[in-house]
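Below is one structure, written out as structure tokens; comments come after it.
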Amino acid sequence: MISVAIDGPAGAGKSTLSRKAAKALGFIYVDTGALYRAVGLKFSKSGADESLSCDIEKILAETTVDIRFIDGEQHVFLDDCDVNDEIRTPKASMMASAVSAKPAVRAYLLEMQRKLARENNVLMDGRDIGTVVLPDATVKIFLTASAKVRAERRYKELLEKGSKVTFQEVYDDMVQRDYNDSHREIAPLKQAQDAVLADTSELDFDGSLQLILNIVKERL
Ligand code: DC
């Protein structure tokens with residue numbers, strides 16, 4: 001099986017670019033951030049806040065997260081409900097970041113991700129795909145852009161969805177999440193030694209997609 005691992009910080013355009021790139025390659029696209037978001041949502045629904053001063057193991061034992069592909073698109077199910085839209089709010093983002101720092105949560109989601117890559121040609125995106133989940137991935141890419149550019153992109157996306165956030169809130173959120181994701185003890189966000197760096201700060205969407213496809217095709 002062929003696996004392409006794409007890691008990078010929030011807002012680098014990973015999901016949109018990865019979805020398109022996977023389609024062009026004929027691979028399954030696995031958005032692993034959505035799994036952490038679903039777990040975060042479960043913790044919110046259980047009454048926990050970002051401090052997660054709750055019985056993590058107990059909540060996980062009562063949680064079922066799975067991925068189903070509907071018309072080729074990944075849908076994340078939490079306890080048998082499709083939560084694809086619910087997991088995209090700024091609050092869900094912060095909860096996802098909080099739960100993703102917990103070793104028990106990472107262990108809970110690890111095997112599911114590896115199984116998908118054992119059984120399919122995948123393009124998988126996240127934070128630790130090239131370093132932890134698929135250390136032997138066929139191709140590894142570290143996709144990034146400056147924090148300002150990433151916040152601008154995310155802000156535009158949220159405005160289009162009718163959200164009332166300010167740019168400053170989005171930017172501060174982004175910087176905070178970068179810090180959380182790269183400073184946690186377990187599986188922090190970092191470029192794998194053998195990953196190719198793809199910086200899209202100066203590129204538009206089509207340019208970024210072309211860059212990714214070129215990197216992959218050169219290595220297959
Ligand atoms: O990519 P995203 O914004 O949907 O990810 C949500 C959160 O999940 C993010 O704060 C980091 C975490 N995450 C992770 O720790 N490991 C992954 N492989 C994917 C996401």
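The values are calculated or read from the model by the stated rules, or taken from the named source; none is laboratory data. Owing to the predicted nature of the structure, the values given are computational and were not obtained by experimental measurement. Using ideal geometry, Cβ is built from the backbone for each residue, glycine included, and neighbour counts are taken over all protein chains shown. All accessible areas refer to the heavy atoms of the entire protein, side chains included, with ligands and DNA or RNA removed. Shrake-Rupley method; radii C 1.70, N 1.55, O 1.52, S 1.80 Å.
Remarks
- Free of any GluC sites (Glu not before Pro) that DSSP assigns to a loop and that have at most 14 other C-beta atoms within 10 Å, the longest stretch within the chain is 63-184.
- Rounded accessible area per residue of the range 62-115, 1.4 Å, Å²: 49
- Contact order normalised by residue count of the range 47-88, Cα under 8 Å, 6+ apart, percent: 24
- The residues of the range 126-177 expose on average 51 square angstrom of accessible surface per residue, using a 1.4 Å probe on protein heavy atoms.
- Our summary gives the chain a relative contact order of 33 percent, counting only alpha carbon pairs under 8 angstrom and 6 or more residues apart.
- Beta bridges assigned by DSSP with both partners in the chain are antiparallel in approximately 30 percent of cases.
- Between Val196, Val165, Val83, the GNM of the chain built on Cα springs shorter than 10 angstrom shows Val165 fluctuating the most.
- A Cβ-based charge dipole, computed about the Cα centre of the range 109-220 with Lys and Arg at +1 and Asp and Glu at -1, lands at about 200 debye.
- Beta bridges assigned by DSSP with both partners in the range 27-151 are antiparallel in approximately 65 percent of cases.
- Atom-type composition of the exposed protein surface of the range 26-154 places 52 percent of the accessible area on carbon and sulfur (1.4 angstrom probe).
- For Glu73 and Arg219, the FRET efficiency from 1/(1 + (r/R0)^6), where r spans their Cβ atoms and R0 equals 22 Å, is about 0.25.
- Sequence-ordered 3J(HN,Hα) estimates for the range 67-83 from the Karplus curve with 6.51, -1.76 and 1.60 and θ = phi - 60° stand at 10, 10, 9, 10, 6, x, 9, 6, 10, 9, 10, 10, 6, 6, 10, 6, 10 Hz, glycine and proline given as x.
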